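Read the structure below first, then the notes.
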């Protein structure tokens, strides 16, 4: 069987995401070959070009005119994701776009329209979708391991005074656009039906810029399920990353290990209402639930990672695990939540 030709990749932006995530993931994968890079800092692009033996370009326009690549990773400042990705698509190449894909619904829709018009693929790097703990929570929900799940809580808490570009509104910064994009995407999978109600509180507490560093969001979906997400750079006390409430039990996870407590509904009798006054004015009753408990790794069914899916889509018959339409829904929910918060006016 003939070996499939490697997917030639250009990387636009060589910062924390472009270099430490995308280049790091691709450099030793024989299914891919990084052929071109660019960054607005000359030292970065020269360093990576020398390391990988690829061609460095002064900007993305020059790269798109000459690079030998079929896919371009867009890992630039967040406010440039939409226009640069559309440039990539119009150049006849597929675009791997970092999150957030855009800071407005119209901008996100224009990206999907450009992909459809050009026939190129918009591949959105919502890589949290592939994490073992995300897949674990989704598996627990689908299998009704703790009964019918009615609420999922997510926490990522710490206290730090950030002062980089992601603290600035002009670059579409803030915790909500950046860190929370991953967890909104996961939350929409957990909810399992369209979002109908939103509560959102955004605050700037400790960061140096003008974008929020504390996010509290509640999403309620058509099926009645609630997603309670708090991501804060202004909370010193930690909480479990995941808490999942079901009709027959509860799951708590730090992202690595899950403790699950549940009972078998077949082992309990139906509880009847007693309207007469309780003996001795007591509280409670004699109902005893047969609780069971176990600790398991927070690891769901393996589906590979983001770039496994990219390879499968571009060189095989795999379907996109993260569709552009799902990425658009993340933007829609994020923007609706921002409006609810009042932080951005």
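Coordinate-derived values only; no laboratory data. Owing to the predicted nature of the structure, the values given are computational and were not obtained by experimental measurement. Neighbour counts are summed over all protein chains in view; Cβ atoms, including those assigned to glycine, are modelled from backbone coordinates with ideal geometry.
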> Mind checking the angle between helix 105-118 and the chain's longest principal axis? C-alpha axes, 0 to 90 degrees, to the nearest 10.
Replying inline: 50
> Would you list 193, 323, 91 from fewest to most Cβ contacts within 10 Å?
Replying inline: 193, 323, 91
> Just 136, 81, 94 to compare: in a GNM of the chain, with alpha carbon springs under 10 Å, which one fluctuates most?
Replying inline: 136
> Comparing 41, 101, 152, which has the greatest mean-square fluctuation in the GNM of the chain with Cα pairs linked when under 10 Å apart?
Replying inline: 41
> Any idea what Rg and Dmax come out to for region 179-239 if you just take the C-alpha atoms, in Å?
Replying inline: 12.9, 40
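Rounded to the nearest 0.05, what FRET efficiency do residue 222 and residue 66 have when you use their Cβ-Cβ distance and R0 = 45 Å? It would help to have the intermediate numbers written out before the result.
Values: r = 49 Å, r/R0 = 1.09.
That pair, residue 222 with residue 66, gives E of 0.35.
Kindly put 273, 73, 288 in sequence by how many other C-beta atoms sit within 10 Å of each C-beta, fewest to most.
Details: 273 4, 73 29, 288 7.
Result, fewest neighbours first: 273, 288, 73.
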>> Based on alpha-carbon centroids, what's the gap between region 75-89 and region 1-48 in Å, whole number please?
In response: 17
> Over all Cα pairs of region 129-303, how is the pair count split among 10 Å bins, expressed in % and running from 0 up to the last occupied bin?
Replying inline: 9, 30, 28, 19, 9, 4, 0
>> Take residue 160 and residue 112, extend 7 Å from each Cα along the Cα→Cβ direction, and tell me the distance between the two endpoints in nm.
In response: 3.3
> Given springs between every Cα pair under 10 Å in a Gaussian network model of the chain, which of 219, 26, 122 has the largest fluctuation?
Replying inline: 26
